[in-house]
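The values are calculated or read from the model by the stated rules, or taken from the named source; none is laboratory data. Please read all numbers here as calculations on a predicted model, not as lab measurements. A quick note on method: Cβ atoms are made from the backbone with ideal geometry, for glycine too, and the neighbour counts reach across all protein chains shown. Note: areas computed on protein heavy atoms with side chains; ligands, DNA, RNA excluded. Shrake-Rupley method; radii C 1.70, N 1.55, O 1.52, S 1.80 Å.
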Amino acid sequence: MKDSIGREITYLRLSVTDLCNLRCRYCMPEAGVQKRPHGEMLTQDEMVAAVRAAARLGVRKLRLTGGEPLVKPGIVDLCRRCAAVEGIEEVCLTTNGTLLPPLAEALREAGVSRVNISLDTLQPQRYRAITRRGELREALAGVESAVRAGFRQVKINAVLMGGVNDDEIPDLAELTRTLGVDVRFIELMPMVDGAFGPASFVPGTAVLRALPDLQEETADGGVARLYRLSGAAGRVGLISPVHDSFCHRCNRLRITADGMVKPCLHSAGEFPLKGLTEAEMAQQLRRAIDAKPVAHGDLTCGCISGAGRAMNEIGG
Ligand code: SAM
Ligand code: SF4
C-alpha cells in the first residue's frame with residue numbers, strides 16, 4: 001500500500017519485547033525497563049495477526065527486533081509462524097548475538113533468512129563499557145554461530161561514537177574480509193537526552209576518511225550506501241539517518257512490543273493494536289500508513305528524537 005506521498009510500504013519491524021540482557025548506553029537506561037504486565041503487551045497470536053494484516057496491505061519483509069528478541073520465550077516458534085504468513089517473503093532478525101549460539105540453527109530452520117548482529121567494538125573492555133554488562137566473547141560466538149548456521153546473509157551493525165569506538169573503523173571493516181560478512185556503520189541517533197555530547201555524533205563520512213581504499217558499489221543497499229574493500233567478500237555499508245536522511249525513501253512501519261504502530265521512528269504518532277481483531281488491525285495499519293510523516297524532525301546535535309520512547313521499546 002502507498003502512503004500519502006506515494007511511498008510503497010513493504011517493510012515491517014516488529015519489536016517482540018522491550019526487555020534486554022544488555023544495557024547499551026545509546027539505547028536503554030542503566031536500570032533497564034520496568035517489566036510491564038503481560039496483559040499490556042501483544043501476545044504471540046496478536047503479533048502473528050498483526051503480521052498477517054500487514055501482509056494483506058503489501059508488507060513483504062518482516063524484521064523481528066526488540067529489546068533483545070532472543071530473550072523472548074517462544075521466539076523460534078514466533079519466527080516459524082511469521083515465515084508461514086502468506087505474502088511475507090523474508091523474515092529477518094536483529095540481535096545483539098550473545099544468546100544466538102544455541103538458537104542459530106533452529107532460527108534458520110524456522111525460516112529466518114537474514115540476521116543482523118550489533119557489535120560496536122572488538123575490544124572486551126569497551127564492549128563491557130558500551131553495553132554496561134556484555135561479554136565480547138559471547139557476541140563474537142554469536143557472530144560465528146550465525147555464519148556457521150548458513151543464513152542467506154549475516155550483517156554486523158556498528159553504531160559509531162566519537163571518542164568511544166571511531167578509532168576501530170578499520171578493525172571492524174576488516175570483518176568483511178576475515179568473516180565475509182557485511183559491516184554497516186550507523187550514525188548515533190539522539191534517543192537518550194543528555195547521554196552524549198556533540199563530539200559523540202560522528203557523520204558517516206568519517207568512515208570514508210578512515211578507509212580511503214573503499215570502492216563504491218552500484219548495488220541497491222536500501223537505506224545503506226555500499227562500499228567494498230579490495231578482496232573482501234562482505235561489503236561496508238553507511239547508514240546515515242542524521243546527516244543524510246532517507247525519509248523520502250522510507251518504506252517502513254514499526255510495531256512496539258506493547259502493540260503501537262509507529263509510522264515513523266522519530267515521530268510521536270502511534271496507533272494501538274492491542275485487543276483488536278485482525279481486520280481491525282488492518283484498519284489501524286492503514287491509518288498509520290496514511291499518517292506517515294513526510295519527514296522527521298532535525299536529529300543533528302542539540303536536538304533529540306521526537307520518538308517519545310526509548311529505542312529498546314521501538315526496535316531500532
Ligand atoms: N537488541 C538487538 C540489537 O541490539 O541488535 C535489537 C534491538 S536494537 C534497539 C536495534 C538496533 O538499534 C541495534 O543495531 C542498535 O545498535 C541500534 N540502536 C539503538 N539505539 C541507537 C541509537 N541511539 N542510535 C543508533 N542506533 C541505535
Ligand atoms: Fe539491548 Fe539492543 Fe538496546 Fe543494546 S541496542 S540495550 S542489545 S536492545
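Inside the range 48-105, can you point out the residues that are farther than 30 Å from Gln283 by Cβ, outside any helix (DSSP H, G or I) and within 15 Å of ligand 1 (Cβ to nearest atom)?
Glu68, Thr95, Asn96, Gly97, Thr98, Leu99, Leu100, Leu103
Would you mind telling me which numbered condition in (1) outside any helix (DSSP H, G or I); (2) over 19 Å from the mean Cα position of the chain (by Cα); (3) among the polar types (S, T, N, Q) Ser145 fails?
(1)
So which of Val112, Val76, Val71 is open to solvent by less than 10 Å² (accessible area, probe 1.4 Å) and modelled with pLDDT of 95 or more?
When all the criteria are applied, what remains is Val112.
Going through Gly306, Gly316 one at a time, which residue ends up being part of a loop (DSSP other than H, G, I, E, B), at pLDDT below 85, within 25 Å of Ile75 (Cβ to Cβ) and open to solvent by less than 50 Å² (accessible area, probe 1.4 Å)?
On inspection, the qualifying residue turns out to be Gly316.
State the number of residues belonging to the range 262-285 that are surrounded by fewer than 17 Cβ atoms within 10 Å (Cβ to Cβ) and either more than 24 Å from Gly39 (Cα to Cα) or modelled with pLDDT under 95 (or both).
2
Are there any pairs with C-beta distances below 6 angstrom linking a residue in the range 29-57 that is open to solvent by 60 Å² or more (accessible area, probe 1.4 Å) to a residue that is assigned to a helix (DSSP H, G or I), with the two at least 6 apart or on different chains, and if so which?
Going by the 6 Å Cβ cut-off, the qualifying pairs are Arg52/Glu278; Arg56/Ala282.
Out of the range 1-56, which residues are of a type in the set (Gly, Ala, Ser), on the phi < 0 side of the Ramachandran plot and within 16 Å of ligand 2 (Cβ to nearest atom)?
Result: Ser15, Ala31.
Name the one entry in Val154, Val147, Val181, Val202 that is away from ligand 2 (no atom under 16 Å from the Cβ), open to solvent by 60 Å² or more (accessible area, probe 1.4 Å), closer than 22 Å to Leu229 by Cα and touching a strand residue (DSSP E or B) at 6+ places or on another chain (Cβ under 6 Å).
Val147
Could you check the range 235-250 and list, in sequence order, the residues that are surrounded by fewer than 20 Cβ atoms within 10 Å (Cβ to Cβ), more than 16 Å from ligand 1 (Cβ to nearest atom) and assigned to a loop (DSSP other than H, G, I, E, B)?
Once the filter is applied, which keeps residues that are surrounded by fewer than 20 Cβ atoms within 10 Å (Cβ to Cβ), more than 16 Å from ligand 1 (Cβ to nearest atom) and assigned to a loop (DSSP other than H, G, I, E, B), the range 235-250 yields nothing.
Working only within the range 121-133, note down all residues that are near ligand 2 (Cβ under 10 Å from one of its atoms) and either without any contact (Cβ under 8 Å) to a residue 24 or more places away in the chain or touching a Cys at 6+ places or on another chain (Cβ under 8 Å) (or both).
If the condition is that a residue be near ligand 2 (Cβ under 10 Å from one of its atoms) and either without any contact (Cβ under 8 Å) to a residue 24 or more places away in the chain or touching a Cys at 6+ places or on another chain (Cβ under 8 Å) (or both), then Ile130, Thr131, Arg132 are the ones that fit.
Could you grab the pairs with beta carbons closer than 9 Å, sequence gap of 6+ or different chains, first residue in the range 220-246 and without any contact (Cβ under 8 Å) to a residue 24 or more places away in the chain, second one surrounded by 19 or more Cβ atoms within 10 Å (Cβ to Cβ) and aromatic (Phe, Trp, Tyr)?
Hits for this filter: Gly222/Tyr11.
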